[in-house]
Structures are given as structure tokens and as C-alpha cells.
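The values are calculated or read from the model by the stated rules, or taken from the named source; none is laboratory data. Model, not experiment: these values are computed from the prediction. For neighbour counting, all protein chains shown are included, and Cβ atoms are generated from backbone atoms with ideal geometry for every residue, glycine included.
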Amino acid sequence: MRSHETISVVDPEIWPHMQAEVRRQQETLELIASENHVSHAVLEALGTVFTNKYAEGYPGKRYYGGCANMDAVEDLARNRAKQLFKCDHVNVQPHSGSQANQAVYLSVLQPGDTILSLDLAHGGHLSHGMKINMTGLLYSVVHYGVDRKTERFDFDEIARLAREHKPRLIITGASAYPRLIDFTRFSEIAAEVGAIHMADIAHIAGMVAVGLHPSPVPTAGFVTTTTHKTLRGPRGGMTMCKEEFAKKLDSRVFPGLQGGPLMHCIAAKAVAFAEALKPEFRAYQEQILRNAKALAEALMSKGFRIVSGGTDNHLMLVDLRPAYPNVTGAAAEKWLESAGIITNKNMIPFDERKPVETSGLRLGTPALTTRGLKEDHMRTIASLIDRVLKGEGEAKAVEAVRGEVLAMCREYPL
Ligand code: DSN
């Protein structure tokens, strides 16, 4: 029997965790570069009866009856995404960023084909060819990295690798690269060696949408993204492509890779795209960038080394070694969490520590900016981070910082 009672009554085991998570998000500073806080409208869309509906297929061509509302919602999501990114074609059904990427691989690769992509240890993503990911298992993967000195892409070296290995697909985009990506240059290299260029803009999608980061859409065959990072939508993915790949892509998403689309997520994506089309969203992205610069500069002024000397986007990689040679990223992440500052340990390029330890921390400003924090707050947060690390997690220092974090969170509630 269906119940009309609320979760607190129906599932008293889940309820306290929901409450605790709301409190945790309200009372901590979120610096994980890939996370954000969605609007009430996006959350509302996620909690709708769209979750009850099977809608395999696409608008106008479904395998179930009763899909008229699904068609309308998916069309809105597609049209808004096309307006936002100015792409020829978009598929909004991928459940995640990995699946958005897998749909591309299924569209243009055969097992054994060669991919050229950024090394995970240099800021890439596991779905771009990590050894034990399906990409590493099915395809022959060659990686490019960043230059040891500049910690930026060396296009002569990337072009050399492309000429040598003749990949079928060149993947660009990153999960920990703090600089602008010259997608046009990558497309030129791809064209020269007869490869297709796929740009995964998951991290920078918000900035690309408003024109604050160069867009790969005009030159890349495929552009994929998640919808929950700088784009500030629900957890999910989408794949854009040139018209020539549209039919193949759609058939690879469904039925190639997925069954029924998550219509409540697609509705929430549509809501997020509408929000992103508003002028306020551009102002939000500009503030993310100003905040990231302010945080990076404040950290550098405290003696931290920032990989590549700064940031052009929403994130930075802090190399802990010069300031605190004995502190690993793992320890820093743990101590900072006790103080209410949420980060993630991250490999820095050419890191000598293991991925579970790391010498780096990845910090990002999208969620802090959603909260309403500005440059001055970033300078305060840099000091708070430094105090926790200087104290090596010592209880008194952590407690004092925790108090200041709480005060800031209460002044800027979600
Ligand atoms: N796991 C995400 C990140 O944190 O960057 C990428 O998918």
C-alpha cells in the first residue's frame, strides 16, 4: 500500500541522515571543485512524479504510452541546452558524465582503437582511459601530460604524440587543470591526423555557457559535460555533437548504453538550463573566477605553491610540499574537514606520493560563490586553511577555525 506519510515516519532510519546532511552542507564550507548547491527549483524538479515514468526512446518516438509530458520536458531540456551552448545537436539522457563519454566512444570507436587523452595523474579523468576503467580495458590508450616546467599543455608534444600514434579519438577536458584549454588547437591537431575531437567540459561548462571560457563546440565533433558542477544543475550528464553524428549518438545512448531515461533528472536539467540562460548566471560565473583568483593569490601569499602559478578557472591545485613538506593531501583533507572546510586530496603533476596520499589539494570556488561569498571571504578562508595545516590538525587550532567557519556559514546560509 502506498503511504502518504513523510519520510521521517516511513523511514526513520534514512531520515536522520537526510537531516544531518542538510546540516552538514549548511555548516561547512564546500571547496570541492566539482560540487555545487542547486537551487530550490532544481531540487523540486528532482522530487517529482516524473520518476514514475518510463520513456524509452526520444520525443515523438517512445516505446511506452503516456509520454506526452515527457516529450515536452525533454524537448525543453534539449532546446535550452542548444541555446546555451549553441550546438547542432544534444542528447540530455546520459545518466552521468561517464555515460555521456561512453556514448561517444560507442559512436565512433571499435574495441582496440587508439585514444589520445590527458593522463589522470596530470588532471585527466578516469573515463578518459584509466587502465581499469572500461576505456582502458577496451581501447588502446596513449596519454599526454602537462609540461614539467610550465605545468601547462605542450602542444608541440601533443601534436607529436598524435602524429606518432594516429588516434581515432583525441579527448580533451580535465578534472584538475587550472588553466584555459585551447580547444581550437586540439581540434587542429585532431584534423591533421584524421582523429575526432571530443571535449569533456564537465568542470568548466558554466563558464563555457556564458562565454568566459573558450567553447569547443564550434570545432570539436563531440562535447560532453556533467550538469552538476559549474552548471549548477542536477547530478547527470549530456552529450552534444555535430549534426553528422546526431543519429548515431542518439542510438548509442539508447538503446546502445541505457534504457529508460531518468525523466525527473531531465526535468531538473531543463530547469537548470533555464537558470543558466539568465543574466544572473553570467554574474555568478564571473564571481566564481574572481573568487578563485583571490583564493589562489591569498594562498600564494602565505607560501603555498599553486600548480602552474595560478588559475584561469574555478579551481586550483595546491602543492603542499614547499609550505608543509611532511603534510600529505590526505592528512590535509582530513584535518580541514574537522574544521568544517571540505576539500579533496589530489595528485599534482609528477607527484611522487601515491593517489591515496598525494602532495596536493584541489580547491574550487563554485559552491562558495553560490553561497554568496566574495573575494574578502576567500582571503579569510586562505588564512583558515593555513592555520589548520600549520597546526597539523592540532585540536585547539581546528576547534578555533571550526568556530569561524560556522560563523561564516551562518552569515551566508544556503
Ligand atoms: N569526480 C569528478 C571530480 O571531482 O572532478 C569528475 O567526474
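What pairs come out if I take residues in region 326-345 that are free of Cβ contacts under 8 Å to residues at least 24 places away in the same chain and pair them with residues that are within 14 Å of the ligand (Cβ to nearest atom) and in a loop (DSSP other than H, G, I, E, B) whose C-beta lies under 6 Å away, six or more apart or interchain? Qualifying pairs under 6 Å: LYS345/THR358.
Against the definition (within 16 Å of the ligand (Cβ to nearest atom), surrounded by 18 or more Cβ atoms within 10 Å (Cβ to Cβ), outside any strand (DSSP E or B) and not hydroxyl-bearing (Ser, Thr, Tyr)), how does ALA176 come out, yes or no? Give the derivation first.
Working: within 16 Å of the ligand (Cβ to nearest atom): yes; surrounded by 18 or more Cβ atoms within 10 Å (Cβ to Cβ): yes; outside any strand (DSSP E or B): yes; not hydroxyl-bearing (Ser, Thr, Tyr): yes.
So ALA176 fits the description; yes.
Among the numbered conditions (1) touching a strand residue (DSSP E or B) at 6+ places or on another chain (Cβ under 7 Å); (2) within 24 Å of PRO366 (Cβ to Cβ), the only one that ILE189 does not meet is (2). Pairs meeting the criteria (first residue in region 134-148 and under 22 Å from ARG160 (Cα atoms) and among the acidic types (Asp, Glu), second residue modelled with pLDDT of 95 or more and not in a helix (DSSP H, G or I), beta carbons under 7 Å, at least 6 apart or on different chains) are ASP147/ASP154. Scanning region 183-212 for residues that are part of a loop (DSSP other than H, G, I, E, B) and either within 16 Å of the ligand (Cβ to nearest atom) or farther than 18 Å from HIS314 by Cβ (or both) yields GLY194, ALA195, ILE201, ALA202, HIS203, ILE204.
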